[in-house]
Amino acid sequence: RLLLLGVTPEIAEMRWPSIVRWTAGDKSECRGRAVWPGDNALRRALVDDWLSFEAREPFDLVVGDGVLSLLEHPAGYTQLAAALARLTKPGGLLSLRSFCRLEPQESLEQVFAELARGEIGSFHAFKWRLAMAVQGDATRGARLGDIWQAFHERAGSPRELAARSGWPEPVIANIDSYRELDDRYSYPTEREVVACLSEAFEHVETWRPSYELGERCPHLSFRRRA
C-alpha cells in the first residue's frame, strides 16, 4: 500500500508493479482535477490535508515530491514529520525529493554573476536558485513577491533577459505572476530535512540526479523506526 503526497502526474503514471495499491492525497480539489490522470483499479485520489489525513492502517511506502517547500519551517516540518510517522508502518519506507539550498548559502550576487556569464542552463534553474538566494538561511521562507522584486531589480524585464539569454520570453514572463504575492516557499538544507524526520525515521540513502540543479534536488529515503 502506497501513499502519494500530492497528485504529481509523472509519479501516478509510472509503471508500478500490479501488486501496488495506492492512494494520492492533495487538499486542493482544483489542482487535483487539473493534473490527476484519473483513478483506476490500482490508484485513487482523495481531497485531504496531509497533516490531518487519516488512514485505516499505515502505508508500506509514502512518496512525496517537493512537499516540504510548501510548508513553513520549522513548525510545518514538525507537523508533517508527525503525520508521516503516523501514516508509515514500522519498517515502512518514506521517499522524498526535496528542494534543498546549498551549504554554504549561495548569495544573490553569485546567482546573478553566473546569469551574466551565461552559466545557467535554463530559466527554471535560474528561478529556483534565485528563490533560494532570496530566502537565505533564515527559516521564514522565500516570499514570492520578494523573488519578483529581486528579479526586476537585477535582471530587468522579461524581454530584456530573453534578448540576453536566448530563453523564451513567455517562459520568463511567468515570474510576473509572483508580483506582490505573500505566499512563501521554504528551502531547507539536506541536514535540516534529515533532522526534522530523525525521531521517527532512519535516513538510509541519498541519491542525487544528474540534471541541472540535481545537487539541490536530493532523493532522500528513510525507514520508519520500529
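The values are calculated or read from the model by the stated rules, or taken from the named source; none is laboratory data. Predicted model, so just to flag it, every value in this text is computed and none were measured. Glycine gets a Cβ as well: all are built from the backbone with ideal geometry, and neighbour counts include every protein chain shown. All accessible areas refer to the heavy atoms of the entire protein, side chains included, with ligands and DNA or RNA removed. Shrake-Rupley method; radii C 1.70, N 1.55, O 1.52, S 1.80 Å.
Add -39500 (n - 2.57) for each DSSP H run of 4 or more in the chain, then divide by its residues: what number comes out at 222 nm, to the nearest 500 deg cm²/dmol?
It comes out at -9500 deg cm²/dmol, rounded to the nearest 500.
If you add up the charges near GLU103, with Lys and Arg at +1 and Asp and Glu at -1, over every other residue whose beta carbon is less than 12 angstrom from its beta carbon, what do you get? Mind showing how you got there, number by number?
Details: positive: ARG101, ARG191, ARG216; negative: GLU106, ASP137, GLU190, GLU192, GLU215.
Around GLU103, the charge tally is -2.
Could you please state how large a percent of the accessible area of the chain is carbon and sulfur, counting protein chains only and using a 1.4 Å probe?
Carbon-and-sulfur percentage of accessible area, whole number: 50.
Taking 8 Å as the Cα distance limit and 6 or more residues as the minimum spacing, I'd like the relative contact order of the range 56-132 as a percentage.
35
With a/c under 1.5 counting as rounded, go ahead and sort the range 78-154 into rounded, prolate or oblate using the C-alpha gyration tensor (a ≥ b ≥ c being the square roots of the eigenvalues; past the cut-off, prolate if a/b is larger than b/c, else oblate).
Prolate, because a/c is 1.5 or more and a/b exceeds b/c.
So with the 1.4 Å probe, I'd like the accessible area per residue for the range 146-226, rounded to whole Å².
Working: 4750 Å² over 81 residues.
The answer is 59 Å² per residue.
On a 0 to 90 degree scale, rounded to 10, what angle separates helix 123-135 from the longest Cα axis of the chain?
Long axis of 123-135 versus the principal axis of the chain: about 90 degrees.
Can you give me the distance in nm between label points at GLU114 and HIS203, each placed 7 Å from the Cα along the Cα-to-Cβ direction?
Going by the 7 Å Cα→Cβ label model, 2.2 nm.
Starting from the Cα-Cα distance between VAL47 and ARG140, subtract it from 0.36 nm times their residue separation and give me the gain in nm to one decimal.
Extending this stretch completely gives an extra 30.7 nm.
Kindly report the accessible area of the range 62-110 per residue (heavy atoms of protein chains, probe 1.4 Å, no ligands, DNA or RNA), in Å².
41
Separation between the GLU169 and SER157 pseudo-spin-labels, each 7 Å from Cα along Cα→Cβ, expressed in nm?
0.8
Do me a favour and compute the ellipsoid semi-axes for the chain from its Cα gyration tensor, root of five times each eigenvalue, largest one first, whole Å.
Whole-Å semi-axes of the equivalent ellipsoid: 33, 20, 16.
Going 7 Å from the Cα of SER28 along its beta-carbon direction, which residues of the range 39-57 have the amide nitrogen within less than 16 Å of the resulting point?
46-51
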